[in-house]
Number of protein chains: 10
Amino acid sequence: MNAMHAPLTEVLLETKREKGLTWAQIGERIGTSPIWVASVAYGNNSAPPDKARAIAEVLELDEETTRALSIYPTKNWEQTIPTDPLIYRFYEIMGVYGEAAKDVIQEEFGDGIMSGIDFEMDVHRQQDPKGDRVVITLNGKFLPYRAW
Amino acid sequence: MNAMHAPLTEVLLETKREKGLTWAQIGERIGTSPIWVASVAYGNNSAPPDKARAIAEVLELDEETTRALSIYPTKNWEQTIPTDPLIYRFYEIMGVYGEAAKDVIQEEFGDGIMSGIDFEMDVHRQQDPKGDRVVITLNGKFLPYRAW
Amino acid sequence: MNAMHAPLTEVLLETKREKGLTWAQIGERIGTSPIWVASVAYGNNSAPPDKARAIAEVLELDEETTRALSIYPTKNWEQTIPTDPLIYRFYEIMGVYGEAAKDVIQEEFGDGIMSGIDFEMDVHRQQDPKGDRVVITLNGKFLPYRAW
Amino acid sequence: MNAMHAPLTEVLLETKREKGLTWAQIGERIGTSPIWVASVAYGNNSAPPDKARAIAEVLELDEETTRALSIYPTKNWEQTIPTDPLIYRFYEIMGVYGEAAKDVIQEEFGDGIMSGIDFEMDVHRQQDPKGDRVVITLNGKFLPYRAW
Amino acid sequence: MNAMHAPLTEVLLETKREKGLTWAQIGERIGTSPIWVASVAYGNNSAPPDKARAIAEVLELDEETTRALSIYPTKNWEQTIPTDPLIYRFYEIMGVYGEAAKDVIQEEFGDGIMSGIDFEMDVHRQQDPKGDRVVITLNGKFLPYRAW
Amino acid sequence: MNAMHAPLTEVLLETKREKGLTWAQIGERIGTSPIWVASVAYGNNSAPPDKARAIAEVLELDEETTRALSIYPTKNWEQTIPTDPLIYRFYEIMGVYGEAAKDVIQEEFGDGIMSGIDFEMDVHRQQDPKGDRVVITLNGKFLPYRAW
Amino acid sequence: MNAMHAPLTEVLLETKREKGLTWAQIGERIGTSPIWVASVAYGNNSAPPDKARAIAEVLELDEETTRALSIYPTKNWEQTIPTDPLIYRFYEIMGVYGEAAKDVIQEEFGDGIMSGIDFEMDVHRQQDPKGDRVVITLNGKFLPYRAW
Amino acid sequence: MNAMHAPLTEVLLETKREKGLTWAQIGERIGTSPIWVASVAYGNNSAPPDKARAIAEVLELDEETTRALSIYPTKNWEQTIPTDPLIYRFYEIMGVYGEAAKDVIQEEFGDGIMSGIDFEMDVHRQQDPKGDRVVITLNGKFLPYRAW
Amino acid sequence: MNAMHAPLTEVLLETKREKGLTWAQIGERIGTSPIWVASVAYGNNSAPPDKARAIAEVLELDEETTRALSIYPTKNWEQTIPTDPLIYRFYEIMGVYGEAAKDVIQEEFGDGIMSGIDFEMDVHRQQDPKGDRVVITLNGKFLPYRAW
Amino acid sequence: MNAMHAPLTEVLLETKREKGLTWAQIGERIGTSPIWVASVAYGNNSAPPDKARAIAEVLELDEETTRALSIYPTKNWEQTIPTDPLIYRFYEIMGVYGEAAKDVIQEEFGDGIMSGIDFEMDVHRQQDPKGDRVVITLNGKFLPYRAW
C-alpha cells in the first residue's frame, strides 16, 4: 500500500467490502482491468477524470474522494524483499528467470526495454484437472535505446 | 548469472554465439520454451536427462558438460534491486501492481499462492502500429493454504 | 507479529490470557495443531469459516472478530535477523544445516522443494534425564521442478 | 558453504561424487545422521577423531584431509535472505511460524530456548498418494533462563 | 530498551528515580546482581515469581505490574551498530578480540560455545592511582558440540 | 581475521600449529595474556618491539616477519552480525545486557565510558559439577566526559 | 564502470589515452555526443553497427573489439550512495530537488515520466567572471500513464 | 518531502491547491525558477527574507509561516533507491551516465566538481511530433581541487 | 537530534529562539564553547550541575528542566550517511582524508587513538578576500594501545 | 585506500618505508601539508604537475609513476561505518557534534556549507602534562546557498 495514500485506500477498501464487490466486478462495470482499478485504490496510479467518475458511481463516493482519485501519486513501496508468500513468488520468478527473459526479449526486439509505463497486466484462471492454474499476462511497449 | 555455475554458463553462451543460435531456435529444436532453456544455461534450473541430451545434440557438447546440465543447482541471484533497465522494470511492475495482483488472484482462487516451482513463463511479440509490444505470460499452479 | 493485524492479535492474546488458556488447549478443542492456531492469532494465516467459528466459541468472540479471522492476510515479518534468542536459534540452525538439508532432501526426492504452503509443523516434549528436549517436526509436500 | 573451508569441501564433494555415494549411505556406514555428516563436509561442524577416521575410511581420504575434519570451524554463512527456493522456504516458515512456535514451546517448558548446539536434525520421506512429503525433525535440549 | 516492554520499563525507571535507588541497591535487597535486575526492568529477562515479588516490595509496585515482571519476553534490540559510546566500546572490543577469545576458549574447552542463557554478568570498580578501572565479568556454561 | 593482514596471520597460525603450541603457552612464555597475543596474530594489535622479539623467539620467525608484528594495523572486521555461534553469543549478550551494564557502570562512575584502548581481557575455566564454565574478564580504564 | 565489461573498457580507455583523445574529440569525429560515446566505452550502452565502425576507425580497433561494442549490455552499477564528490553532487541534487522537479514536470505534462531510454544528455562550459559554470542538459521523451 | 518540515509543507501545498496555482505561476510572480520555489515549499531550501515576503503575498500567508520560510533547513531525504518511476529515472540516468559525465566535465575543466550549492536547475517542454520531450538543465559553478 | 531527548531539545531550542540568543552568546555567558552547549541541548552530552545551573539562568528554565540537563544520555544518531549538505561534507572529508590523518597522527604519536571523550571542538571565522573560511578545531587526548 | 589506485598506493608506501620517510618529512620537502601528500598517495587527490615532480624527486619515482600522480581520481571509500578505532572516533565525533557544529556555523555565516573541495586539513601535537593531545584543524571556504 502506498503509505502516502493510506487513508484514501482504507476508505475505498472499506466501501468495496461493504458493497461485497470484487475488483473483477468493479473493473467490468467501468470498462477496465481489475488490476488497474485495484492499483488506483492502492494509490499507485491516478484515474483519468472519466474513470474516476465511473469508479465513484460504482462505489457511491463523495465529490472530494472522487477528485482525489485523479491526483498524480508519488508511487512508493517498501524496497525490502517482500514477505507475503504470494508476492515473494513474483520476486523469486524474476530472480530465477529475469536474465533468461532479458535475452529472449532482446534477441527478438534488439537492445531496449519493455515499458512499465505504457503497460498493462491481467490475471485469469486456467482450468486444470491436476489443480487450476493462475495465468498472468504482462504487456508493455518495446522502447529501443538510441544513440545521439 | 548463478555465480556458482559461471564456468558452465560461459561455455554454453560461447558455444551458442559461435553457432549463431537464439534461445528461441534452441527451444524449438528440443521442444521447450526459450526461457526455460536459457534458465538452464544460466544455472537456475536442472535439465532432466532427456532434455540435457537434446541440448547437447544441438550445441554439440561433450559428455561431462552434458551431465553437468542435470545437476540440481543451488539457485542464487543478487538480492539488491536490479540495475539493468529491462530487468528493473519487472521489479517496478511488481512494486506498483503486486498488491493489486494478490487481491485479484485471491478473490478468484481463495487464500493461497501461485507456485513458482510448478510454473512456466513465455514471451512473444505483439505487432502494433504505434510500436510493437512485449507480451510475457506467467503460468503457475494455484496452491491453497490448509489448516492442520 | 504481523503489524497489519496487530489490533486483532492483541484482542486474541488478551482474551486467551484472561481465560488462562494455552495454544495447546485451544488447538485440542478445535481439532488443530497449537502452532497453526497461534499463527492465525498472530495474523499469519486465515482460518477457514468452520475453524473460525470453533475458535470463536472457545474464546467467546463477537461476530466481527470471528469474520476477521477468515480474511486472507498479507503475511509480513521483519526481515532483519531475529534478536529473540529462541527464534534466533532457528535462524542459526538454518545457517549451519540449510545446505546439508537441501542435499539430503534432493538426493532422496530429486530436484524440487518442500512446500511451505501445503505444510504443517508441530512441537512436543521429549523426556530426557539429562534435561528434557524440544522436538519440532516440519512436514511439507515435495514439489518437483518441471521443464516446459 | 563455509567460504573458509571451500577447498576442503570441494575435495569431499568431488570424492563423494566419484564414488557415487549419498549422504544417507555415508551416514549409515559411519553411524551418524546424513545431515550431520553433510554439515561436516560443508565446514559447519568438526568431526570427533573417531568419526573423522570413519569418514576417511569410507571416502579413502589421506592423512592431512582426515585431520582437517577435526579442526573447530568458525561457522559462517551469508546473512542475506537465501535465494535458493528450497532453503528460502525454511526462512519463510520461520517468518510465518516463528512466534507461534516460541509461544507453544514456552507454554510447555517455561522461559528459555531450544539449544542449537546440543541439537540434532533429521529428514525422512512420508509416502502420500497425493504426493510424497518431506518430514524434518529438529531436536534440541531445552535451556532455561536463570536469575543470578 | 525492549520496545515491546517500553511502558512497563518507563514505570519501573520512574519509580526507581523517585525512590532514589540504584540498581546496585535494588540487587542487594533482593539478592541478585544489579545487571540482572536492570535487564528485567529493560524487558530483556523475566523474573521468577519470588524475585518478582521481591522487586515489587522494594519498588512498591501494584499487583498487575508485579505479574507483568514474570511474562516471558520476546527479547529485542536494534541490530544496527550501537551509537552510544559506552555501548559501542563493547562492540569494538568484540570486533578486535572476538576471534582471539574464540581460539583461547576452544583451545581450553574443545569445540563448543559459552552459553548466553545459562549465564551471568557483573560489574565492579577497581581502584587505580592512574584512574579507576571498570571490570566486567562474563560467566557462562560451556556447551560442547555433539555428533549424532 | 583482519583481511589486510591475512598473509601474516596465516604464517603465524601455521607455524603455531606445526609447533603444537596454544595461545596460552605462547602468552605464558612471553609474559602476556593469551588473548592479547592472539589479537596480534590476527592483525588487530601491534606488538611493541620487545614483545615482537619474544614472539619471534618462541615461533622462530625470520627478521621481516618479526618487524611486521610491530606495524600499527588499521583494525578491521566485518560489520555484519557474526555467524559463528561462539562469537554471536557475545553479540547477543551485549544486545540483552548492554543497557543494563551502561546503567550500572554510570551509577558507579558518573557519565563516561570504559576505555577499549587502555584495556585488557582474559579467559579462564571455572570448574563446576554441572558442567564447567567459561569466565571472561573485561578490564578498561574509566574515561569521564568533560565540559569545555 | 560496468564490471562485466571491464576488460573491454580498459582496452578502450588505454587506447584513447595513448592517442591523446578526449571524449569530445571522439564524439565530434563520429557524429555523436561525448557522453554517449563514453557510456558505450564504460559498457552501459551498445553501439549500432555503423557507430561501432566509426569508433573503431578513430581508435584503430581490431575486428573482435569492434563487434563487442554492439553487444547489448546488462547495465549495472553499484547501488550504494556514490563516494566520488563530483558524482555524489548529482545524487545530492536529486535528493534536494527531485520532488520539486516531479511537480513541475507533471504540472506541465500530466501524470507520466521522462524516459531514461529515449533520452540524451550533454555537457558544456558557461563562461562566468566569478568562475566558469558546468551546464548539463537532460532531454527525454515524456511517457504518459494510461488506464486499460 | 523533508520530514522535519512536513507540517509547513502541507500548509503550503494546501494553500497552493486551493488557489489553483502551479509552481510555474508562483515562480513567475516572485521572479524565481519554479523548481527553486518548490524546493523551498518541500523544506529543502530557505528563502531570503525578500523572497519569503513575495511568496507570502502570492499565497496570502500569515506572519509566522512567512518567517518559517527563512529558517535554514537541515535538508533530508530517504537514502533508499527512490520508488516513484519519474524520480527513479533520474537515479537510473546517473547510474548509466554518471562516470561518462565525470570524464567529459573533467576533460573540459580539470580536476574538480560541479557545485550543488552555487547551483540552479530548470525544466521546459520541447515540442516534438513523435511526442513532446522534457528538457532539464543543471547549472553549477565549477570548483577546482587545490593542493595545500 | 537524540530522539530520546527530543521533547527537552525542543523546549531549549524554542526558549533560545524566543530570547534571540545564539549558541555563541550562551557559551560566552556560561564560560563554555558554543559547540559543547549546543551538544547538551541536542541531548548528546550531560551538563555538570554547575553548568546546568548556569544554562538555566541564561534561559530562565524551571527546576525540572534544569535537573534533566544533568542526566547521562544514551547518545544516539542515525547511522545512515547524512543528507544535509553541511553535515555530509564532514563525512566526505573523513572518507577522503581519514586514512591520511591516521598515518600522520600515528607517525607522530605511535600506535593509539585521539580520544573522542576527553575531547573538545571549536569553530571560528577566518576572513578571506576570496570568501571567508570556516575553521574547525578538533582537540582530543592521545590514548596509546598497551600490551598486557 | 582507494581500491582503484591500490597498486600505485602500494608502490608509494613501499618506497616511503624503504627510505624511512614520514609524511611530515615529505610534505616539508615539497612544500605541502603531510595530510595532502598522504591523500595523494592513497589515491584520493591528484597532484598538480609541479607537485607530482616534487614528490617524484623525493621518492625517486620513474616517469610513468610520476605521471600517474596527476590523473584525476574517482575518489572512493567503503561506506560502512569505519572499524579502525582511530578513524571511528571521527565518525563518533560527527555523530555527537555534527548538528551542534551546523548550528554554530550557520549562526555565524548564514545558510550554506563549508566546502570540502576548497579545503585544507592539518594535524599537530599539543604538549600536555596529563598526556599530549592531538589537534586537527579543518579549514574550508564558506559557500552560501542562493535563490535563482
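The values are calculated or read from the model by the stated rules, or taken from the named source; none is laboratory data. Keep in mind it's a predicted model, so treat the numbers as computed, not measured. Cβ atoms come from the backbone with ideal geometry, glycine included; neighbour counts cover every protein chain shown. Areas reflect the complete protein model, heavy atoms only, side chains present, ligands, DNA and RNA absent. Shrake-Rupley method; radii C 1.70, N 1.55, O 1.52, S 1.80 Å.
Results, tabulated for the structure shown:
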{"item": "Sorted peptide list for H:22-31, B:17-26, criterion being average Cβ within 10 angstrom, highest first", "result": "H:22-31, B:17-26"}
{"item": "Accessible surface, per residue, of the stretch A:15-148 when the full set of protein chains is kept, probe 1.4 Å, Å²", "result": "39"}
{"item": "Peptides ranked, highest mean first, by Cβ atoms within 10 Å: ranges F:90-99, C:128-137", "result": "F:90-99, C:128-137"}
{"item": "Average beta carbon contacts from partner chains per residue of G:24-37, 10 Å cutoff", "result": "3"}
{"item": "Dipole moment magnitude, nearest 20 debye, the protein assembly as shown about Cα centre, only Lys, Arg, Asp, Glu C-beta charged", "result": "0"}
{"item": "Innermost chain H residue relative to the axis carrying H onto C, by Cβ distance in angstrom", "result": "H:THR80, 8"}
{"item": "Rounded percent of accessible protein surface that carbon and sulfur make up, chain I, 1.4 Å probe", "result": "49"}
{"item": "Cα gyration tensor shape for the stretch C:3-68, rounded if a/c is under 1.5, else prolate or oblate", "result": "rounded"}
{"item": "H:GLU120 accessible area, assembled protein chains, probe 1.4 Å, Å²", "result": "50"}
{"item": "Globularity index of the protein assembly as shown, i.e. its alpha-carbon radius of gyration over 2.2 N^0.38 Å", "result": "0.94"}
{"item": "Farthest positive-ward along the stretch F:2-98 dipole, Cα basis, beta-carbon charges - from F:ILE93, F:TYR42, F:ILE30", "result": "F:ILE93"}
{"item": "Simple Cβ-charge dipole of the stretch H:3-68, Lys/Arg +1 and Asp/Glu -1, about Cα centre, in debye nearest 20", "result": "220"}
{"item": "Structure-based [θ]222 nm, chain B - -39500 (n - 2.57) summed over DSSP H runs of at least 4, per residue, nearest 500", "result": "-15000 deg cm²/dmol"}
{"item": "The stretch G:3-68: relative contact order in percent, alpha carbon pairs under 8 Å with at least 6 residues between", "result": "34"}
{"item": "Inter-label distance, nm, simple model (7 Å from Cα along the C-beta direction), B:ARG125/B:GLN25", "result": "1.5"}
{"item": "Only Lys, Arg (+1) and Asp, Glu (-1) charged, at Cβ; chain B dipole about Cα centre in debye", "result": "100"}
{"item": "For the stretch F:85-144, the spread of Cα positions along each principal axis, largest first, Å", "result": "41, 22, 20"}
{"item": "Whether the stretch B:1-136 is rounded, prolate or oblate, judged on the alpha carbon gyration tensor where a/c under 1.5 counts as rounded", "result": "prolate"}
{"item": "Per-residue mean of C-beta atoms belonging to partner chains within 10 Å, peptide B:64-77", "result": "4"}
{"item": "In the stretch E:49-148, lysine pairs with alpha-carbon atoms under 27 angstrom apart (chain gap of 8 or more, or interchain)", "result": "5"}
{"item": "Where only alpha carbons of the stretch I:70-109 are counted, the Rg and the Dmax (Å)", "result": "14.6, 39"}
{"item": "FRET efficiency estimate (nearest 0.05) - Cβ-Cβ, H:ARG53 to B:LEU13, R0 56 angstrom", "result": "0.30"}
{"item": "Per-residue SASA entry for G:LEU12, accessible area with 1.4 Å probe, Å² rounded to 10", "result": "10"}
{"item": "Gyration tensor verdict on the stretch A:33-109 (Cα atoms; rounded if a/c is under 1.5, prolate if a/b is larger than b/c, oblate otherwise)", "result": "prolate"}
{"item": "Cβ neighbours within 10 Å from other chains - mean over F:38-47", "result": "5"}
